[in-house]
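This report refers to the structure that appears directly beneath it.
Any read-out appearing in this document is the output of simple, stated calculations on the displayed coordinates, not a laboratory observation. On a predicted model such as this, the values are computed, not experimentally measured, just so you know. Virtual Cβ from ideal backbone geometry, glycine too; neighbours counted across all protein chains shown.
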Amino acid sequence: MIRYKAYAKVNIFLKITGKRGEYHTLSSRFMRVDSLFDILWFEPKSTPEFEIRGDFDCEVHSNTIYKAYKYLQSATRSDKLSTFFEQHAVCVDKKIPSFAGLGGGSSDAATFLHMCNDELDLGLTIEELAEIGSSVGADVPFFVYGYESANVRGIGEIVERFEEPLIDFEIITPNIQISTPAVYRYYREHLYEPISPEEVLRLESTSSRELLATMNPKVANDLYPSALGCYNELSEKEGWFFSGSGSSFFRIKE
């Protein structure tokens with residue numbers, strides 16, 4: 001079976017632009033991390049239940065891969081899909097830390113959708129895969145499109161390629177499992193201050209390397225002060241930027 005790479009991402013900046021019901025809308029620059037990825041493949045099995053093999057700390061039904069399978073099944077009504085997963089397990093060699101702001105679960109889900117589309121000839125367009133992925137999680141469409149760098153808006157459904165060279169990052173992940181909903185809730189209750197449309201345009205048109213050279217990490221990511229407020233065990237690291245809702249920090253590799 002073919003093996004697929006599911007890459008991590010970092011958020012060069014992440015700014016809240018407003019609210020949409022219970023969700024926060026955002027503007028963010030996502031960049032793929034080429035040096036950090038999970039590997040996914042399918043292998044035969046003998047029991048009919050949907051099976052994920054890998055080092056996960058959640059139940060199968062809570063896994064983003066399983067959620068992607070259910071949404072894909074609902075969208076395609078494909079008997080071929082159901083039959084295939086009665087006979088095959090999804091295997092994941094997990095390298096991206098969980099609850100770390102690096103998009104590991106979202107990347108796995110997006111990669112799984114591509115694998116099913118490729119291996120089972122489902123004939124879905126990349127836009128259709130991204131729409132299915134958006135039901136799984138806000139970061140999934142970015143990974144479905146496969147861009148190296150992109151501006152992401154709304155609640156993650158608007159993804160626009162940003163042309164620039166990939167940056168080689170150094171990443172550290174403290175051993176703290178951070179709850180994304182808790183970080184957003186803290187932001188909404190204590191720090192809510194949406195960015196202006198003019199500032200969004202400026203950030204989205206500036207290269208990642210220039211942004212990292214000129215921005216303060218606490219200003220670059222609206223969720224960083226919120227995570228610090230939520231988690232006393234999380235401490236600032238001078239010269240390091242914060243990815244997503246954390247707990248990972250990154251900087252350009254010298």
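Of the residues making up the range 110-148, those that are closer than 19 Å to S28 by Cα and aromatic (F, W, Y) are F142, F143, Y145, Y147.
Among the residues of the range 209-228, which ones are without any contact (Cβ under 8 Å) to a residue 40 or more places away in the chain, crowded, with 24+ Cβ neighbours inside 10 Å and either aliphatic (A, V, I, L, M) or not in a helix (DSSP H, G or I) (or both)?
Filtering the range 209-228 down to residues without any contact (Cβ under 8 Å) to a residue 40 or more places away in the chain leaves 210, 213-214, 216-219, 224-225, 228.
Among the residues that remain, those that are also crowded, with 24+ Cβ neighbours inside 10 Å are: 224.
Once the filter is applied, which keeps residues that are without any contact (Cβ under 8 Å) to a residue 40 or more places away in the chain, crowded, with 24+ Cβ neighbours inside 10 Å and either aliphatic (A, V, I, L, M) or not in a helix (DSSP H, G or I) (or both), the range 209-228 yields nothing.
Taking the criterion of being in contact with a Ser or Thr (Cβ under 7 Å, 6 or more places away or on another chain), buried (at least 16 other Cβ atoms within 10 Å of the Cβ) and not aromatic (F, W, Y), the residues of the range 39-72 that qualify are L40, T64.
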